[in-house]
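Here's the structure we're looking at; comments come further down.
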Amino acid sequence: MKSFLKKLVEEKKVLVLGFGREGRSTYKLLSEVGSFSELAVSDMNPVEIIDETSVKVHSGEGYLDILNDYDIVFKSPGVVLPKKNEEYTCKITSQTELFLMRYGNQVVGITGTKGKSTTSSLLHHVLAQNNVPCILAGNIGIPVFDIIDELEESTVVVFEMSCHQLENLKTSPHTAIFLNLYEDHLDHYGTFELYSAAKKNIYRHQKPGDVLFCNPEFLPEAGDCAADIKDIDSSILPENIVAATTLRGEHNLFNIAAVYEVAKGLGVTDECFAEALKTFKPLAHRLEYIGTQDGVEYFDDSISTTVESTISAINSITNAGSVLIGGMDRGIEYSSLVDYLADCKLDHVIFMYESGKRIYDKVVEKTGHGDAKTKFVYVSDLESAVKFAKSATAKGKACILSPAAASYGVFKNFEERGNEFKRLAFEE
């Protein structure tokens, strides 16, 4: 990879666009490679470069206005460009693009609106427990440029891929897992069609001989994928594997089935798979059991930002008594959630924040009632929601935070929201 990068940037003016975790990773590797004529960094926020005073830094509102002053731009995921890539005179690329060009045959790429982190972590765990050389990277929090020194030709790279990493790809991984596709990130993409187009890049550039493990509900259209397409089917899981898991819900059996198919192809037996599954610990904030207080079980599903994930969470907890819903309103269509909540068997549905108010109003319109004496109640924020849930949820029942909405605007991320829920639930 380093020699490949050296040739790519030789005598070029290079810009690292976005200086978050991935941007810093890109900057570090480029600094080691050298050979460029100029290296610069651009970010909306102030940038501090402590190891190289000669690096040019662009920051503030005009940080996107200087792209054409450079030959090559390494764009970080999530940076929104005002124009299409092809409208710039510079070459715009990314860690993901270049990594797949060099190591794509070793990559198992995993995406989906929901479940990609659990699936990626589980696949890595199962392979590692069975002595298959593997590395976990990508959207899970490990930039792929950070792992290149650890790679050997036999290493399987388990690559969690977000829509932002997939957005402008012209290459796809040899093995891809496409879990699902629901409305999300509409604040970034504007339309579901554009969001879908980004996600589908995980298989759109696959070649004959590549493999796509796909949710049969979201199969590619004719001509969109040249790979060998295999349906993910949780009904084929052996009984010993189903019995071994501590992950709750049908959606997690589906995720396990995807991992099972890949692991089986890499030589992992059913017995060894089941043994590895027993030792896998669910990721935080993903329908995570966080404890019992005053006879009430609490589950943190703060990762939930979609209608489908919230419905799945409620269905997965058989003793669910109350659920907390709402957050940043990104314009998602909530009609199916409204229909579900109107007829659900929950004792209390507690709505909060902007999207919670919108869903609450629609539920009240549909059912004709909504106040603290019924199962539907609206409160202003998470603290008020937890307070109500603690007073109203019956002993022996469960309380679930599953917002069906983003955390931004109030919290830094879903992790901070989940941690605050835990603190509020267990404070005296």
Evaluate the following for Phe414: is it over 15 Å from Ser322 (Cα atoms), surrounded by 14 or more Cβ atoms within 10 Å (Cβ to Cβ) and in contact with a Ser or Thr (Cβ under 7 Å, 6 or more places away or on another chain)? yes
Return the only residue of Val386, Val338, Val349 being part of a helix (DSSP H, G or I), modelled with pLDDT of 95 or more and in contact with a Lys or Arg (Cβ under 7 Å, 6 or more places away or on another chain). Val338
As an exercise: evaluate Lys345 against (1) surrounded by fewer than 19 Cβ atoms within 10 Å (Cβ to Cβ); (2) on the phi > 0 side of the Ramachandran plot and give the number of the one condition it does not meet. (2)
Would you tally the residues in segment 5-21 being farther than 10 Å from Asp43 by Cα, under 29 Å from the mean Cα position of the chain (by Cα) and open to solvent by 30 Å² or more (accessible area, probe 1.4 Å)? 1
Being open to solvent by less than 20 Å² (accessible area, probe 1.4 Å), of a type in the set (Phe, Trp, Tyr), at pLDDT 95 or above and not in a helix (DSSP H, G or I): is that true of Phe213 here? yes
Lone unmet requirement of (1) closer than 25 Å to Glu428 by Cβ; (2) surrounded by fewer than 17 Cβ atoms within 10 Å (Cβ to Cβ); (3) under 25 Å from the mean Cα position of the chain (by Cα) for Met352: (2)
Among residues of segment 45-104 being among the small types (Gly, Ala, Ser) and touching a helix residue (DSSP H, G or I) at 6+ places or on another chain (Cβ under 9 Å), the residue farthest from Asp146 (Cα to Cα) is Gly78
Here are some conditions: (1) touching a residue at least 40 places away in the same chain (Cβ under 8 Å); (2) touching a Ser or Thr at 6+ places or on another chain (Cβ under 8 Å); (3) open to solvent by less than 50 Å² (accessible area, probe 1.4 Å). Phe388 meets all but one. Which one does it not meet? (2)
Hey, among Ser322, Ser316, which residue is crowded, with 16+ Cβ neighbours inside 10 Å and at pLDDT 95 or above? Ser322
Check on Val211, more than 27 Å from Ala405 (Cβ to Cβ), β-branched (Val, Ile, Thr) and in contact with a helix residue (DSSP H, G or I) (Cβ under 7 Å, 6 or more places away or on another chain): no
Examine segment 72-89 for a residue that is among the acidic types (Asp, Glu) and in contact (Cβ under 8 Å) with a residue 24 or more places away in the chain, and state whether such a residue exists. no
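The values are calculated or read from the model by the stated rules, or taken from the named source; none is laboratory data. The structure displayed is predicted, hence computed values, not measured ones. When we count neighbours, we look across all protein chains shown, and the Cβ atoms used for this are built from the backbone with ideal geometry, even at glycine. Please note that ligands, DNA and RNA were not included when accessible areas were found on the heavy atoms of the full protein model with its side chains. Shrake-Rupley method; radii C 1.70, N 1.55, O 1.52, S 1.80 Å.
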